[in-house]
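Q: Have a look at the structure that comes next, please.
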2 protein chains.
Amino acid sequence: MDKLHNLRHSLAHLLAASVGEIYKFDKVKLTLGPAIDNGFYYDIDFGDEKVSDADLKKIEDRMKKILPKWTDWEHKEISKDEALNFFKNEYKQELINEIAERGEKITTYTCGGFTDLCRGGHLKNPAKEIDPESFKLDRVAGAYWRGDEKNKMLTRIYGLAFETKEQLDAYLSQREEAEKRDHRKLGKELEIFTFSEEVGMGLPLWLPNGTVIRQELEKWAKETEIKWGYKHISTPHITKKDLFEISGHLPYYKDDLYSPIDIEGEEYYLKPMNCPFAHMIYKSKPRSYRDLTLRLAEYGQVYRFERSGTLHGLMRARGFCQNDAHIYVKPEDAISELLSVFKMHEYYYKNLGILDWWVVFGVRDPNNLRSKYHGDDAMWDEAEKLTKEALDKVGVKYVVEEGGAAHYGPKADIYIKSVIGKEYAIGTVQLDLYMPKRFDLEYTSKDGSKKMPYVIHRAPLGSHERMIGFLLEHFAGAFPLWLSPVQVKVIPVRTSHNEYARKIFETLTANNIRAELDDKDENLGAKVRDAKNNKIPYWLVIGDKEIEAGKVTLESRDHGQIGQISPEELLGKLLGEIKNKI
Amino acid sequence: MDKLHNLRHSLAHLLAASVGEIYKFDKVKLTLGPAIDNGFYYDIDFGDEKVSDADLKKIEDRMKKILPKWTDWEHKEISKDEALNFFKNEYKQELINEIAERGEKITTYTCGGFTDLCRGGHLKNPAKEIDPESFKLDRVAGAYWRGDEKNKMLTRIYGLAFETKEQLDAYLSQREEAEKRDHRKLGKELEIFTFSEEVGMGLPLWLPNGTVIRQELEKWAKETEIKWGYKHISTPHITKKDLFEISGHLPYYKDDLYSPIDIEGEEYYLKPMNCPFAHMIYKSKPRSYRDLTLRLAEYGQVYRFERSGTLHGLMRARGFCQNDAHIYVKPEDAISELLSVFKMHEYYYKNLGILDWWVVFGVRDPNNLRSKYHGDDAMWDEAEKLTKEALDKVGVKYVVEEGGAAHYGPKADIYIKSVIGKEYAIGTVQLDLYMPKRFDLEYTSKDGSKKMPYVIHRAPLGSHERMIGFLLEHFAGAFPLWLSPVQVKVIPVRTSHNEYARKIFETLTANNIRAELDDKDENLGAKVRDAKNNKIPYWLVIGDKEIEAGKVTLESRDHGQIGQISPEELLGKLLGEIKNKI
């Protein structure tokens, strides 16, 4: 146990003791209180008493008041009967009975006069070792006894704790920043997406602003893919179950699928992935070695079952649109194609300012080589070897995760980190030697024989849902110009300037710049504030001086006042920045 | 009965007589033989005899041989018993019993010695009035007795018949052209789309070439919509049943819906239309008169139940992607917006060379004003009046169809006609005063009161499926440059010219022109033939002469040899034609 854990665990005891003193030890039932990431908590049955965030101050004050008396621990081993006699509440008694049943020792720890059932792991001298400014009670939440919703709902008090005040402050300000950047909050404020109770949970409706971002990302992806030799396809969202029987989703992945639709007596499923459809397109005509490498890309919408409790805004939804592609490659070209695929990831992330990304390379569990995985050893060895070789060659940061493979092959899961340090799994690169076999994919080689292509799966931009959720947090809603739903706001100072402003506005839109004209009869300050609130990258102010000079005054969200500029210069500047994705 | 009908009906008798002579009257059972569009048919029970297209010549020859004897008709009214005694086969007897039951007269017609049960309608003197070169037996098909699949399968012989040989020839060559242009045939040859048995009927998979066309149409639509003040949204493909209960699809339109999906105990449906989702986005925040007119567009994929027997390539599919939009408008702006919507239709069709389009204006059935329709009379009168006013003002060709309204309002169904005269319903304009009420849509008017907006539905480009199916036939697969999957093919004469050819190819692709380099070691003729077969608009031939001159030789699918041209001129020409959608 490390020091920070012991500090947090000690504070959980201190919390319980303070609650007992304030709410009386014979009225409340103390249950369990572990150390956790960032702090600690204690679950308490307060009986009829209602405890809320408003009570935290008083409990925290008591903790700080009694802390100086917490100078050492007394440790005791006691019998089951002693324990049951000492801890009268039913929660502790349940724990005691279980410990006894397992044949383990029952131990108590006492500090500052407060005794708790505990297995140990504390600071030796909390009074000396804990800075009272380095911890803080955080919030009150409901929690079922032992996490089981059939049990009673207890009151959980969360605390934050670090070794120093500085660390606590840093954590608090980082959390505040993260809350400000929460994609659900920003998504609502900036009108990016919404949910509707009538449509259902986990099914985002993209508002006009969000749809612009989707379309820009998609346009960028398509142009990039075309340059890298991809072709695009478009496939249905439902299929007869036959297709998923070939792919093995039925019966193995039935839990990810929604219940079937009946069409004229046959079962159809919503697709949880696009792969099998791409394979059917591969199979739609005979392929020769000359047709390979064949790269089939699709921004394809898939639907996967997620329990309602696990849904989280755009980050975990029931329907999402993947930046998918399936690459059919001759075995001898697999490595060079994998290299190219990783290079493409790098290109995207660099352009988005995602400087930190890495790969978790999931291979088979070495203790369980056969039972959990399909396909034979030779296939696995080949796929793992080629993927590793590509990862080494491309020089991307990666860690190996034993047991992290998919059932049909190794995975290279891509993780990205936002500027505020939030990490997300965004996509996967997989070299697949299993599905081409199940789908009987083949090509005629140069010598006329039939061979099996390898398949590479990839989705560098992940899904629109997760990527845009991530970017909302990454950019704190202040999207770069090329991705901004509104790129420029044109602001006439008074209505007498509307006519000139409209001309500027029309010039911008005629050049495919997403401009907005704010010709309402309101004051300038309100109009500029509105532009800032909506995180619009540029706004133009147009008054008498500007009209006289035949110019506009340009201001930037990120760089402040830029000054007077002619409409031609403005156009050149904006189009250049959009083109270069600055 | 007009002359052509009588001619065709006379020929049906002549066909029956000839079949009887060849296959023996006591062996075959003649049943029914009417005149139809383009000709006639006769359904015959041949017993164990197999009759196929190969037998048509012999039957047709017999028709022509005996025709000179068919100079007049003898008409008789007979009793039921006489009839049953004369016509011994069970099919005719069934007909006779039915005629008798209805209390109608039983009549026979005899010509050239052949007597049939018939109500009349013949040419007086077939021998004189029918040109033997103006008709032709066409094909043999199976047909259930009286169209009921529980009955016996009979053999149907189809004939084509016109007043003159010229008319027959014209029909045959038009039909041949139509067959050549059949979108299913061209779709396969040009690799536009495919179907997969494992995916299911009516669910097209778009191949790379087809996906290019979809994307180009979509890009054009989006740019156009942005220019016309539309915003884009993107909504899920499934929804809880609640949404369709508000819209009234449940229970009224359950037959169009696929069976529900169960998610955590709630019923979800695939969407058959996008409207309710757009309405939820309208409702996602309070709207003011300043926000109107609000135009929300979505290329939205919908799924509607169609019986498998009615599916027809892209023209009738189970899933399709609609060029949809919902326009929320203040009542006083409805007419000007409708005008704008019709103008947009005109713009699209003109650009696609669809010169003939018109509207079928579906209003309520005047004899049934209440029972079949939702909403009150005032609403209907208003919607019909405004739609009519807009149609009159815009000057589009329209016909009124009484009883053609939707259940919730009048419809202006848009029909387009291809260059070979095939007509399709492509979209609908609807002024909807009913759904805004069901969805409780409102806006705050200038005086602060809450008002209901009107909704206009429109889809000028229909669905990708039907539009691209139509365009395949309209262009006979020879898409204009901007829509062509491959725009230019670069053809080096010999492999020694490959390097220069590659440079040209790369210049083209760097300028976003869809080029293909054919650097295979094959002869020039084969490469050019391949370009022509794939209906590629332009190809470049590059040999010694071209490299020496620093030029390329350009040839056009539509205009033949163009001659030598510099790479810069080529680029300018192609980019200009693409931009102008020539």
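The values are calculated or read from the model by the stated rules, or taken from the named source; none is laboratory data. For clarity, every value in this text was computed on a predicted model and none was experimentally measured. Reconstructed Cβ throughout: ideal geometry from the backbone, glycine too, with neighbour counts over all protein chains shown.
Q: The conditions are (1) within 20 Å of B:His237 (Cα to Cα); (2) at the interface with chain B (Cβ under 8 Å from one of its Cβ atoms), and A:Glu191 fails exactly one of them. Which is it?
A: (1)
Q: Another question about this same structure. What number goes with the only condition from (1) within 9 Å of chain A (Cβ to nearest Cβ); (2) without any contact (Cβ under 8 Å) to a residue 12 or more places away in the chain; (3) more than 25 Å from A:Ile192 (Cα to Cα) that B:Ile261 does not pass?
A: Among (1) within 9 Å of chain A (Cβ to nearest Cβ); (2) without any contact (Cβ under 8 Å) to a residue 12 or more places away in the chain; (3) more than 25 Å from A:Ile192 (Cα to Cα), B:Ile261 violates only (2).
Q: Follow-up. In segment B:549-582, how many residues are closer than 22 Å to B:Asn534 by Cβ, of a type in the set (Ser, Thr, Tyr) and loosely packed, with under 14 Cβ neighbours inside 10 Å?
A: Of the residues in segment B:549-582, 1 are closer than 22 Å to B:Asn534 by Cβ, of a type in the set (Ser, Thr, Tyr) and loosely packed, with under 14 Cβ neighbours inside 10 Å.
Q: So which strands (runs of 3 or more DSSP E) are wholly in segment A:1-112 and hold at least 1 residues that are more than 35 Å from the chain's Cα centre (by Cα)? Before you say what the answer is, go through the steps one by one.
A: Values: elements: A:29-32, A:39-45, A:73-78, A:106-111.
By residue number, A:29-32, A:73-78, A:106-111.
Q: Listed residues A:Pro272, A:Pro236; which is touching a residue at least 12 places away in the same chain (Cβ under 8 Å), more than 10 Å from chain B (Cβ to nearest Cβ), in a loop (DSSP other than H, G, I, E, B) and closer than 26 Å to B:Glu267 by Cβ?
A: Numbers: A:Pro236 fails: more than 10 Å from chain B (Cβ to nearest Cβ).
Result of the check over A:Pro272, A:Pro236: A:Pro272.
Q: Based on this model, can you work out whether B:Glu177 counts as part of a helix (DSSP H, G or I), at pLDDT below 95 and outside the structural domain of B:Ile468 (by TED's automatic domain parsing)?
A: Working: part of a helix (DSSP H, G or I): yes; at pLDDT below 95: yes; outside the structural domain of B:Ile468 (by TED's automatic domain parsing): yes.
It is true that B:Glu177 is part of a helix (DSSP H, G or I), at pLDDT below 95 and outside the structural domain of B:Ile468 (by TED's automatic domain parsing).
Q: Do we find a residue being of a type in the set (A, V, I, L, M) and under 19 Å from A:Gln322 (Cβ atoms) anywhere in segment A:369-376?
A: Taking segment A:369-376 and keeping what is of a type in the set (A, V, I, L, M), we get A:369.
Those left that are additionally under 19 Å from A:Gln322 (Cβ atoms): none.
No: zero hits.
Q: Right, next: Restricting to segment B:451-481, name every residue that is closer than 20 Å to B:Asp530 by Cα and out of contact with any Pro (no Cβ under 7 Å at 6 or more places or on another chain). Talk me through it step by step, then tell me what you get.
A: Here is the first cut: in segment B:451-481, the residues closer than 20 Å to B:Asp530 by Cα are B:472, B:475-481.
Hits for segment B:451-481 are B:Leu472, B:Phe475, B:Ala476, B:Gly477, B:Ala478, B:Phe479, B:Pro480.
Q: Find the residue count for segment A:181-202, including only residues that are touching a residue at least 12 places away in the same chain (Cβ under 8 Å), among the aliphatic types (A, V, I, L, M) and outside any helix (DSSP H, G or I). Show your work before the answer.
A: The initial filter retains those residues of segment A:181-202 that are touching a residue at least 12 places away in the same chain (Cβ under 8 Å), namely A:181-184, A:186-187, A:189-194, A:200-202.
Cutting the leftovers down to among the aliphatic types (A, V, I, L, M) gives us A:186, A:190, A:192, A:201.
Retained after the next criterion (residues that are outside any helix (DSSP H, G or I)): A:190, A:192, A:201.
Of the residues in that region, 3 qualify.
Q: Looking for something within 14 Å of another protein chain (Cβ to nearest Cβ) and not acidic (Asp, Glu) - is there at least one such residue anywhere in segment A:540-550?
A: So the first thing to find is which residues in segment A:540-550 are within 14 Å of another protein chain (Cβ to nearest Cβ), and the list is none.
No, segment A:540-550 has no match at all.
Q: Tally the residues that are at the interface with chain A (Cβ under 8 Å from one of its Cβ atoms) and within 23 Å of the chain's Cα centre (by Cα), restricting the search to segment B:212-233.
A: 3
Q: Based on what the data block shows, is B:Lys219 at pLDDT below 95 and surrounded by fewer than 22 Cβ atoms within 10 Å (Cβ to Cβ)? Let's see the steps before the verdict.
A: Values: at pLDDT below 95: no; surrounded by fewer than 22 Cβ atoms within 10 Å (Cβ to Cβ): yes.
So B:Lys219 fails the test.
Q: Please list, ordered by first then second residue, the pairs with beta carbon atoms under 9 Å, 6 or more apart or interchain, first in segment A:212-225 and in a helix (DSSP H, G or I), second charged (D, E, K, R).
A: As it stands, the answer is A:Val212/A:Arg514; A:Val212/B:Lys231; A:Gln215/B:Lys222; A:Lys219/B:Lys219; A:Trp220/A:Lys581; A:Glu225/A:Lys231; A:Glu225/A:Arg295, since those pairs meet every condition given.
Q: In segment B:444-458, how many are touching a residue at least 12 places away in the same chain (Cβ under 8 Å) and either in a loop (DSSP other than H, G, I, E, B) or surrounded by 22 or more Cβ atoms within 10 Å (Cβ to Cβ) (or both)?
A: Start the filter on segment B:444-458 by keeping residues that are touching a residue at least 12 places away in the same chain (Cβ under 8 Å), which leaves B:444-446, B:451-458.
Next, from what is left, pick out any that are either in a loop (DSSP other than H, G, I, E, B) or surrounded by 22 or more Cβ atoms within 10 Å (Cβ to Cβ) (or both): B:445-446, B:452-458.
Summing the residues that are touching a residue at least 12 places away in the same chain (Cβ under 8 Å) and either in a loop (DSSP other than H, G, I, E, B) or surrounded by 22 or more Cβ atoms within 10 Å (Cβ to Cβ) (or both) in segment B:444-458 gives 9.
Q: Kindly establish whether B:Lys92 is surrounded by fewer than 18 Cβ atoms within 10 Å (Cβ to Cβ) and charged (D, E, K, R). Before the answer, list the steps.
A: Numbers: surrounded by fewer than 18 Cβ atoms within 10 Å (Cβ to Cβ): no; charged (D, E, K, R): yes.
Taking the combined requirement at face value, the residue does not satisfy it.
Q: Right, something else. I'm checking my understanding of the structure. Among residues of segment B:239-258 that are within 7 Å of chain A (Cβ to nearest Cβ) and not in a helix (DSSP H, G or I), which one is surrounded by the fewest Cβ atoms within 10 Å (Cβ to Cβ)?
A: Narrowing segment B:239-258 to residues within 7 Å of chain A (Cβ to nearest Cβ): B:239-240, B:242-243, B:246, B:258.
Imposing the further condition that a residue be not in a helix (DSSP H, G or I) reduces the set to B:239-240, B:258.
Details: B:Thr239: 24, B:Lys240: 20, B:Tyr258: 18.
Filtering first and then ranking leaves B:Tyr258.
Q: Hey, another quick one. In segment A:194-211, what residues are over 18 Å from A:His312 (Cα atoms) and more than 8 Å from chain B (Cβ to nearest Cβ)?
A: Answer for segment A:194-211, where residues must be over 18 Å from A:His312 (Cα atoms) and more than 8 Å from chain B (Cβ to nearest Cβ): just A:Asn209.
Conditions tested, residue by residue: (1) surrounded by fewer than 15 Cβ atoms within 10 Å (Cβ to Cβ); (2) of a type in the set (S, T, N, Q); (3) assigned to a helix (DSSP H, G or I); (4) within 25 Å of the chain's Cα centre (by Cα).
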residue	(1), (2), (3), (4)
B:Glu337	no, no, yes, no
B:Lys343	yes, no, yes, yes
B:Tyr349	no, no, yes, yes
B:Trp357	no, no, no, yes
B:Gly362	no, no, no, yes
B:Tyr373	no, no, no, no
B:Asp381	yes, no, yes, no
B:Leu386	no, no, yes, no
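Q: When you check B:Ser288 against the structure, is it among the polar types (S, T, N, Q) and over 20 Å from B:Asp333 (Cβ atoms), yes or no? Spell out how you get there, then give the answer.
A: Working: among the polar types (S, T, N, Q): yes; over 20 Å from B:Asp333 (Cβ atoms): no.
Judged against the criteria, B:Ser288 is not a match.
Q: Another question about this same structure. Scan segment B:344-359 for residues that are in contact with a strand residue (DSSP E or B) (Cβ under 6 Å, 6 or more places away or on another chain) and among the hydrophobic types (A, V, I, L, M, F, W, C) and jot them down.
A: Residues satisfying the conditions are B:Ile354, B:Trp357, B:Trp358, B:Val359.
Q: Another question about this same structure. Whether any residue in segment A:329-341 is within 14 Å of chain B (Cβ to nearest Cβ), touching a residue at least 24 places away in the same chain (Cβ under 8 Å) and more than 19 Å from A:Gly427 (Cβ to Cβ) is what I want to check.
A: Step one: list which residues in segment A:329-341 are within 14 Å of chain B (Cβ to nearest Cβ), which gives none.
For segment A:329-341, residues within 14 Å of chain B (Cβ to nearest Cβ), touching a residue at least 24 places away in the same chain (Cβ under 8 Å) and more than 19 Å from A:Gly427 (Cβ to Cβ): absent.
Q: Filter segment B:289-318 down to the residues that are in contact with a helix residue (DSSP H, G or I) (Cβ under 9 Å, 6 or more places away or on another chain), outside any loop (DSSP other than H, G, I, E, B) and closer than 22 Å to B:Leu186 by Cβ, then identify the one that is nearest to the other protein chains (Cβ to nearest Cβ).
A: Ranking the qualifying residues of segment B:289-318, first place goes to B:Arg316.
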